[in-house]
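For reference, the structure is listed below as structure tokens.
Derivation of every value follows stated rules applied to the coordinates shown; laboratory data play no part. Treat the numbers as computed from the prediction; the structure is a model and nothing was measured. Methodologically, a virtual Cβ is constructed for each residue, glycine included, from the backbone with ideal geometry; neighbour enumeration extends over all protein chains shown.
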Amino acid sequence: MLFPFIDRNEYHVYIADRALINCMVASGLVALTGFAGQISFGHAAFYGIGAYTSALTVLRLGVPIWLGIILGAVLCCLIGMALSIPSFKVTGFFLSLVTISFGQIVWMTIVNWQSLTGGPYGLLNIPPVSIGGKPLSTIGYYYLMLAIMALLFVVSLRISRSFIGRAFMAMRDDELSASTMGINVRYYKLLAFSLSAIYGGIAGGLYAHLSTFLSPESFVFFESANFVAMAVVGGLRHVLGGIVGGVVVTFLPELLRFKSWETYYLMVSSFIIILIVIRMPSGIAPALENLYKRLVTTISRPSSEGITTNRLGR
């Protein structure tokens, strides 16, 4: 939370801003894949739709930035609802192919619709978020992203502990059993895709106004795979999984960017991620939670043993 005051390097604060944006998308994937059991390898598409919608509505229509971000999230929600329809019939590997195809369609649309998106040349001069007519600094963006991420986390936490979360988990474990118990599987699939798409749309809108420039390279399939890696590394079935994974996967390559390592740092960071997945298949967040519980148990044990000894002595 105090990162900008600990490290005042502008580039490092910018990476922290990007990490928080990535956390939003990864948290949406945790809700969709980890809780609801619906696989998606096309979330860079929602990220891109949110980014371009917000940027274009602000640039071309002159709407306020906040409204542009909301419009991007709403459009992503509607498209997410449409994308949920194939999940009524296909699951697993086949659903992942559908989402990959969706991501490619969106990316090709961005590249080829030059009159709207700027195509491969990108979209320039996107206005940054301003408060009182003054553009936010990278530190201002950091706290803005932190506040929005905290809000999205609270939403995810509330959903995971509600009847909606229980329906998601029942559907994830066994769709047929869930349907037999009276759960409307199609409705909850639609809800899961919509929620996850909204997270991606909000993150995309914030990214557009943080970078002030958009190009198709930011929304390729590699980005979708990267978001999935964040969710898996953090913990697909843990509400903090997207946040932990987003921070780790975003910062890890930067921590390894030493002099003369320019060729190798991405390869080494990928190798470390593989080791994390092998050693902690449930993710870092559940491992940290288990470690915390063990520490609490270890610390409280001597005091409880002392109380018992005193009682026996009496």
(message) Show me the chymotrypsin sites (Phe, Trp or Tyr not before Pro) within the range 67-151 that DSSP assigns to loop and that have at most 16 other Cβ atoms within 10 Å of their Cβ.
(response) Trp113
(message) Quick query: amide H of Ile39 versus all other amide H atoms, modeled in the peptide plane; which residues come in under 5 Å with a sequence gap of 5 or more or a different chain?
(response) Gly92
(request) For an R0 of 25 angstrom, estimate the FRET efficiency from the Cβ-Cβ distance between Glu10 and Ile131 and round to the nearest 0.05. (result) 0.85
(message) Helix 185-211 against the longest principal axis of the chain: what's the angle in degrees, Cα atoms only, rounded to the nearest 10?
(response) 70
(request) Taking amide H positions as placed in the peptide plane 1.01 Å from N, state which residues far from Val129 in sequence (5 or more) or on other chains have amide H under 5 Å from it. (result) Leu136
(message) At 222 nm, what value in deg cm²/dmol follows for the chain if DSSP H runs of at least 4 each add -39500 (n - 2.57) and the sum is divided by all its residues, to the nearest 500?
(response) -24000 deg cm²/dmol
(message) Run the simple label-point estimate for Leu256 and Val155 please: 7 Å along Cα→C-beta, distance reported in nm.
(response) 3.3
(request) Return the sequence-ordered ³J(HN,Hα) values of the range 155-167 in whole Hz as given by the Karplus equation 6.51 cos²θ - 1.76 cosθ + 1.60 applied to θ = phi - 60°, using x for Gly and Pro. (result) 4, 4, 5, 5, 5, 5, 9, 9, 5, 5, x, 5, 5
(message) In whole Hz and in residue order, list the ³J(HN,Hα) couplings for the range 66-80 that follow from phi through the Karplus curve 6.51 cos²θ - 1.76 cosθ + 1.60, θ = phi - 60°; x for Gly and Pro.
(response) 4, 5, x, 5, 5, 4, x, 5, 5, 4, 4, 4, 5, 5, x
(request) Would you mind calculating the gained length between Ser101 and Trp66 on full extension (0.36 nm times residue separation, minus the Cα-Cα distance), in nm to one decimal? (result) 9.6 nm
(request) Relative to the longest principal axis of the C-alpha atoms of the chain, give the angle of the C-alpha long axis of helix 241-255, reported between 0 and 90° and rounded to the nearest 10°. (result) 70
(message) Please state the shape class of the range 97-218: rounded when a/c is under 1.5, otherwise prolate if a/b exceeds b/c and oblate if not, all from the C-alpha gyration tensor.
(response) oblate
(request) Report the relative contact order of the range 212-261, percent, no decimals, based on alpha-carbon pairs under 8 angstrom and at least 6 residues apart. (result) 24
(request) Could you tell me whether the range 1-86 comes out rounded, prolate or oblate from its Cα gyration tensor? Rule is a ≥ b ≥ c as square roots of the eigenvalues, rounded for a/c under 1.5, then prolate if a/b exceeds b/c, otherwise oblate. (result) oblate
(message) With an 8 Å Cα cut-off and a minimum separation of 6 or more residues, compute the relative contact order for the range 3-282 in percent.
(response) 37
